[in-house]
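The values are calculated or read from the model by the stated rules, or taken from the named source; none is laboratory data. Everything numeric in this text was worked out from a predicted model, so none of it was measured. Note that each Cβ is placed from the backbone with ideal geometry, even for glycine, and that neighbours are counted across all protein chains shown. All accessible areas refer to the heavy atoms of the entire protein, side chains included, with ligands and DNA or RNA removed. Shrake-Rupley method; radii C 1.70, N 1.55, O 1.52, S 1.80 Å.
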Amino acid sequence: MIELIKKHKTMIIFIICFALMTFIFVPRQKEYYLQEEIDRFTENTYPYFAIAISVFLFLIIMIIGIVRKYKKTDFINLLVYTIFISFLMTFISKSLFLSVLLFINRQHHSSTEIAKYEVLSIDKKHYLLAYNIVDHRDYFDEKDYLKYFRNNDFFKLKKADTISIQTNKGIFGINYFNK
């Protein structure tokens, strides 16, 4: 058993680090963002980062192949393998990559904004829906309320009440709030 652990210690360390990142780091990053901001970033920006990471890996492998003077067939196999693995990893590990990018986004802010949401509907069964007064496509629900205010007292709100949220604009232009 000890020999097996020694033989695969690098893989075991990788799996432990990946698990810690997935179960601790990833959920913590989403606490700083409204769900609408995460969805918008995922749809509009993340694919470009995934492609850039894949191209970067592709170039590194290509340089390694040229420096080590691989045969043409070995080089082609290596490139195909690299393309396959890089796309597979960027899309399988999407939440991890997304969380790293969200973490980087919070490291510096360019401006502070105050978003105002008007309560559209509310009921006593833990349901809240509010829309941004400026951008009607931007919604705010009870999960976002709990993330920002850290309490569940939105029952005191009434229809047409205004909720103000102060956010910071990060490096990638994604709004986040301080905890």
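Given the criterion touching a strand residue (DSSP E or B) at 6+ places or on another chain (Cβ under 6 Å) and either crowded, with 17+ Cβ neighbours inside 10 Å or on the phi < 0 side of the Ramachandran plot (or both), identify the matching residue among I165, I171. If you could, list the steps in order and put the result at the bottom.
Details: I171 fails: touching a strand residue (DSSP E or B) at 6+ places or on another chain (Cβ under 6 Å).
Answer to the selection: I165.
Within the set A115, A130, A160, the sole residue that is touching a strand residue (DSSP E or B) at 6+ places or on another chain (Cβ under 7 Å) and at positive phi turns out to be A160.
Cβ separations smaller than 8 Å between residues 6+ apart or across chains give the following pairs from the stretch 134-162 residues that are under 12 Å from V119 (Cα atoms) and without any contact (Cβ under 8 Å) to a residue 24 or more places away in the chain to residues that are open to solvent by less than 50 Å² (accessible area, probe 1.4 Å) and not small (G, A, S): E142/L128; E142/F154; Y145/L128; Y145/F154; Y145/I163. The single condition among (1) modelled with pLDDT of 85 or more; (2) more than 24 Å from the chain's Cα centre (by Cα) that I64 does not meet is (1).
Applying a threshold of 7 Å to beta carbon distances and a minimum spacing of six or more residues, or different chains, the list of pairs starting in the stretch 27-41 at a residue that is within 17 Å of E113 (Cα to Cα) and among the aromatic types (F, W, Y) and ending at one that is assigned to a helix (DSSP H, G or I) and open to solvent by less than 40 Å² (accessible area, probe 1.4 Å) reads Y33/L102.
Looking at this structure, is E43 within 30 Å of D141 (Cβ to Cβ) and exposed (fewer than 11 other Cβ atoms within 10 Å of the Cβ)? So E43 passes the test.
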